[in-house]
Each structure stands twice: as C-alpha cells, then as structure tokens.
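The values are calculated or read from the model by the stated rules, or taken from the named source; none is laboratory data. None of these values were measured; they are calculated from a predicted model. Every residue, glycine as well, gets a Cβ built from its backbone with ideal geometry; the counts of neighbours run over all protein chains shown.
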Amino acid sequence: TSTLTGRHRLAIWRTGRDEPYELKSQPTGLCLIINNKHFVSGDVRHGTDIDAESLAEVFSWLGFRVLMCKDQTKDQMERALECFASQRGLSQLQEFKVQVQEWTSSVFTDLQDVPRHGDAFICCVLSHGDKGVVLGVDGQSLRIKQITRIFMATPQSPLTAKPKVFLIQACQGGQDHPMVVSDHLQADSSHSTRPTDSSHSKSIPQEADFLVHSSTIEDYKSIRDIKEGSWFIQSVCKQLIKGCKRNEEIEVILRRVNKEVARKDTALRCEFGARCGPTTQMPAIWHTLRKRLVLAPQLRN
C-alpha cells in the first residue's frame, strides 16, 4: 500500500475545490424575489422596494431572469416556491394563481411567458421573521429549512447538482445586537405578528449545492433603512458588483458582506417614537456547495 504526504493530499483537495460550477445557460438562471411589504396587521416594511429593485438590477446584470412575487401569505409563499422548484410547476404558475412580475427595462411588469430554469437559481426573501422562520403577510411563519427542503435534490428536479442561493432579509428574533440615532431605521421583527407554526424539519443529505445567507444570526434583529433599504441587501448588491467584476467566488464576496454589515452600528427608533438602545448586526452564511460558484456580468445589447 502507499500513503499520501500532506503536500499531495493538499494538492488533491485544492484540485477538487477549484472545480467551478458550469454556468453556460442563457439566461444564467432564475432569480426569484419574494417581497413582503404590506402586512394584514397594518404594518408596512418601508424601504423593501428599494431592496427588491437593487437585487433585480444586480442579478439581471449577472445574467439572471428576475421575477418577483409580492405580498405573499405563508401558503402563497410555499405554493410559489413549490412551483419554482420544478419545470412543470413553472408552467402551472397561472393555474395555481401565483402572481408573478418580471424585471424588464428597470421596472417590474406582468410576466409574459413561462420561465425556464438555467444553470443556477437565486431566491431572495424580504420579509419580517423570527427565529428560523420568515413570515407571510398574514403573520404565519414558514421555516427557512422548509424553504430549502422544497428545492431538495431529486432525480426529476431541474436544479439537482446546480447551485441554489438563498438570501434572507428578515429578523431572526427580537434582541438587539449589544451605536448615531436615525429616524429612518426599522427592524424586520415580528412583534405584532408572532409566528404560530411549530413545524420542524431537519437538513438531509439531498440538500447539496445550497448556500443560505441570512441578514442576521438567530435571536437578533435585522436593520432596514426606510429610505435606503436594508443594511444587508444593500451590502450584498454593492459587494456583488465589486467582486463579480473581479471573478471572485461568491463565498469570498459574501464574507465581505458580513464584514461590512458587522462594522455598522446605530440607535433605532422603535414604535411610537421611542428611542431604542444602540445595536449592530451580524449576518450568517451556511452552505453545502461542492464547487466554486463564480457569477459573471453579462454583456447587454
């Protein structure tokens, strides 16, 4: 028998690690934005449209076809995600009354034809949330693990073995991270619409090729400026523009987002004008990517 030296083992590891996902389709893939702004409780997530438009601009620049579902209940979110998880489901969007708009010429317009999956998939969820969940506009909760489970690899899935990136802009609890007072900041928490869903799901081996980037760690708030958009999404868009021009892999880019957001601090204006204590924010990444994911700008005619 023979053994490998540490140097050889490292070389083999690097060779496998450097293999990129092939992104050759036109468009590169679909980017779905779930943008929950108006809640039945009367709450309005001011600034979320700025985030949605920023994401649409960046991902269309990266060659994705950008689609948006707005003001979704928990059941509507789940139904839309299930439709996007299969090509057959995409052809049944109208049948299931999933209202979808498409980013065209810098505005969202009615969807004109059936979208098709490409070599990658992006899903951005902009909403209120709590620990491990995002909320529909009805205040009902959908577990983030359930969102990824819907896209779990199967022999029939058009996204099996392809990278799937989920960006979650939502509070993951009601605590402030324990610095400049602003009247234009809100927290994406769910104080008036507590989640009632107690379901639990586990990660399973078929959840390969996923990357989930949450705007904050569990138990804490996520900050959104009502005039400029959320700290997290605006940083994601800024860093994607910078990093993708340099052909950086997405993990490197999103770590830079973590660094940028973690440096921010402020004092929030709470409900009824009361001043909250100083707070910061720490995004979190987990992934099961098996290869390097490098998104590249696409030439426009």
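Determine if segment 52-60 includes at least one residue that is under 20 Å from Lys162 (Cβ atoms), buried (at least 18 other Cβ atoms within 10 Å of the Cβ) and of a type in the set (S, T, N, Q). Scanning segment 52-60 turns up at least one residue that is under 20 Å from Lys162 (Cβ atoms), buried (at least 18 other Cβ atoms within 10 Å of the Cβ) and of a type in the set (S, T, N, Q).
Residues in segment 228-263 that are closer than 21 Å to Ala52 by Cα and either of a type in the set (S, T, N, Q) or part of a loop (DSSP other than H, G, I, E, B) (or both): Glu228, Ser230, Gln234, Ser235, Gln239, Asn258. Based on what the data block shows, is Leu67 of a type outside the set (Val, Ile, Thr) and in contact with a Leu (Cβ under 7 Å, 6 or more places away or on another chain)? Criteria met by Leu67. One residue alone among Thr216, Thr280, Thr266 is surrounded by 15 or more Cβ atoms within 10 Å (Cβ to Cβ), more than 23 Å from Asp49 (Cβ to Cβ) and at pLDDT below 95, and that residue is Thr280.
Looking only at segment 61-75, count every residue that is in contact with a Phe, Trp or Tyr (Cβ under 9 Å, 6 or more places away or on another chain), buried (at least 23 other Cβ atoms within 10 Å of the Cβ) and not in a strand (DSSP E or B) and tell me the total. Looking only at that region, the number is 0.
Suppose the filter is modelled with pLDDT of 95 or more and of a type in the set (Asp, Glu); does Asp113 pass it? No: the conditions fail for Asp113. Looking only at residues in segment 76-127 that are within 15 Å of Ile150 (Cβ to Cβ) and charged (D, E, K, R), the one that is surrounded by the fewest Cβ atoms within 10 Å (Cβ to Cβ) is Arg88. Being out of contact with any His (no Cβ under 7 Å at 6 or more places or on another chain), within 20 Å of Ser157 (Cα to Cα) and in a strand (DSSP E or B) is not true of Cys83.
Check segment 244-253 and report whether any residue there is at pLDDT 70 or above, among the polar types (S, T, N, Q) and surrounded by 15 or more Cβ atoms within 10 Å (Cβ to Cβ). No; the residues of segment 244-253 include none that is at pLDDT 70 or above, among the polar types (S, T, N, Q) and surrounded by 15 or more Cβ atoms within 10 Å (Cβ to Cβ).
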